[in-house]
Structure formats: C-alpha cells, structure tokens
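Take a look at the structure below.
Derivation of every value follows stated rules applied to the coordinates shown; laboratory data play no part. Everything numeric in this text was worked out from a predicted model, so none of it was measured. So basically every Cβ, Gly included, is an ideal-geometry build from the backbone, and we count neighbours across all protein chains shown.
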Amino acid sequence: MTQSKLIDVFYDPQYTLSSHHFETTRKAKWIAESLREDPIRGIRFATPEPVLVSDLLLLHSAEYISALQSGLPIELAESQGFAWDQYLLPMTLSTTGGMVAAMIAAIEVGVAGTLSTGLHHARKDSGCGFCTINGLALAAKKALTKGVQSVLILDLDAHCGGGTQDCISGDSRIYQLDISVDGFDQYKPSNNSRLVMVDDGYDYLTTVEYELENLLDEGRSFDLCIYNAGMDPFEFCTNGGKEGISMRTLARREELVFSWCRSHSIPVAFTIAGGYLGGRLDQCDLIRLHRMTVQAAAHAFLDTGI
Ligand SMILES: [Zn+2]
C-alpha cells in the first residue's frame, strides 16, 4: 500500500439528480457544501466517472436494469421505494461510479471515500429500502478484477445488508461483516457473511470492537475494505436509531474502523450510507454525523506520518 498526503472524496452534482427529494437523494450535496465551506484538512474532492450500464449488468439482472432505463414496469423501476424518473439511472451510474472510483483510489493510496448513498439493500433483481444499485457489491466484484484477492464489506449501517448478501452469495472472495441495530433486510448469514444484531445500544461500541478484533482469526485476510458508514444507528435518528448510541459513540466507531484498517494495512474505501432527518435530528447534525467519517479517515491516515 502506497500512501498519499491527500484523501480523495468522490462527489459529483449528478449524485442528487433524481427529482425525488429526500435525504438519500440530497444529502451528498449537503455534505459536499459543508466540506467546501468548512474543509477537513487533507481531504480533496475528486469527480468520478459514471459506470456504464453494462457494468451494472455484472451484478443486476437485465430485466431490472431495463426497468431503471425505461421506467417500466413501474413496480420494478420504483422497487427501491421512491418515484422513478429519467434522472434516476444517471444518478445511480454516478453514485456507483463514485464507489468504484473510491475503491480504485483506496487500492492505490490506502484510503478514499465517496458521498454515495442508497446501496446496501439493492439485490440482484430489484431495488429495496431506498437502495437502487448495490455499489458496495459492484465495487467489490470490480476490485477482484484488479488483482485484489479478498474483499471485506464492512456494513455498520443501522439496517441489515440483505441486498449485499444476495449480490455476493456464492463468491467466497468477498466477505460481509454486518453489525446492525434494526432488523430491516435481515437475512440468514452464509459462509461469506456474518450478521451481528445489537439489541442494547450501550453494547454497540464494544460489539464493533470485538468483531473487528476477531475478524482476522481463522486465517482470514483481506486486501481491501469497503466500508458502508451508516449514521442511522444514532439514537436520535427516527429510522434505525438505538438508545445509547450517541454522536460520541459513532465518532469513536469511526476511529476504531479506520485505525483497524490502518493497523492491518488494509486499504479502505468508505461511503456514507443511512442517516435520516427527524424531530430530534436536523440537517446540521446529520451533516455533522457524516463528517465524522471523513474526519476519522483523515485522522487515522494522515496524523500518523503520511
Ligand atoms: Zn440504514
């Protein structure tokens, strides 16, 4: 792993192209604006190339991709749970391109990120839970074509990553560690996935720490981590939040993840994932939560001599 003095965070205005207006289709812009107004040292923006429609077919069924292109059948085109329009597909080509670009940059320099979101519930044949294309699984599969032997998908979003499990099923070169606090999209773990449900929010951090510490047992090794850094476990998030998981807990979680990757020399490509506005979580605090991921990446990889 070579090292860089700057960390690329991929973003393009196309990430928010869909007309349907809610956190998943808008917050990349909010975070990007915040990072421009109040930069984090060592972070620079980079513009990703969108993936091609043919890339999506490496993972998703032709029938599903056709529905995203045409809007028909509408049930399939809107299977992720929000309104289809002609901008949905270009948006997902861009956000998926961001995840792939972050993966490539991480392999090259050790760490990179993207402000993509809406990835981990998407399965091979449909969308689900605001997720249209599974950029996590697609980036993992593409990494395997670039000399990477073994990929870890670390999913710390509040909700379970059943879509990812569907997409990586049967591929022993990709392993998913999924620590969740909400049963949405729960699945039966398999040889290449581990799902840990945390019932008590006050146990969350120690569970993450324990699972990371034990992940490399039994001879397991990874040469890439794709990190789905959901902030919806936050106790004041109305969709996924769990009492006892504070901002401080999540800040510490981010430090743990990036220092674990750094200490094991595992390149890491991160993306922002869940986090929703509500009566006790305003836009300012939501941005603050997602900035913690970027901040922790910079702290782990820049304050230790690179
Ligand atoms: Zn979530």
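For the chain, the share of DSSP beta bridges that are antiparallel, to the nearest 5, is 5%.
Report the calculated FRET efficiency for residue 49 and residue 70 (r = Cβ-Cβ distance, R0 = 25 Å), to the nearest 0.05. The pair residue 49/residue 70 has a calculated efficiency of 0.55. Residues with beta-carbon under 11 Å from that of residue 121, excluding residue 121: net charge, scoring Lys, Arg +1 and Asp, Glu -1? Within the 11 Å Cβ shell, the charges total -3.
Summing Lys, Arg as +1 and Asp, Glu as -1, what charge do residues with Cβ under 15 Å from the Cβ of residue 134 carry, residue 134 excluded? Summing Lys and Arg as +1 and Asp and Glu as -1 gives -4.
Defining a contact as two alpha carbons under 8 Å apart and six or more residues distant in sequence, what relative contact order in percent does the range 7-302 show?
19
The count of lysine pairs in the range 7-302 with alpha-carbon distances below 23 Å, taking only pairs 8 or more places apart or on different chains, stands at 7. Eigen-decomposition of the gyration tensor built on the alpha-carbon atoms of the chain gives equivalent ellipsoid semi-axes of 25, 21, 21 angstrom, largest listed first. Segment residue 63..residue 86, full-extension length gain: 6.6 nm, with 0.36 nm per residue of separation and the alpha-carbon distance subtracted.
Each Lys and Arg contributes +1 and each Asp and Glu -1, all at the Cβ; summed about the Cα centre of the chain, the dipole is approximately 720 debye. Taking the Cβ of residue 149 as the centre, find all other residues whose Cβ is under 15 Å away and add up their charges (Lys, Arg: +1; Asp, Glu: -1). Every neighbour counted, the sum reads +3.
Adding -39500 (n - 2.57) for every DSSP H run of four residues or longer, then dividing by how many residues the chain holds, sets the calculated 222 nm ellipticity at -12000 deg cm²/dmol. Footprinting exposure proxy ranking of 225, 131, fewest other C-beta atoms within 10 angstrom first, gives 225, 131.
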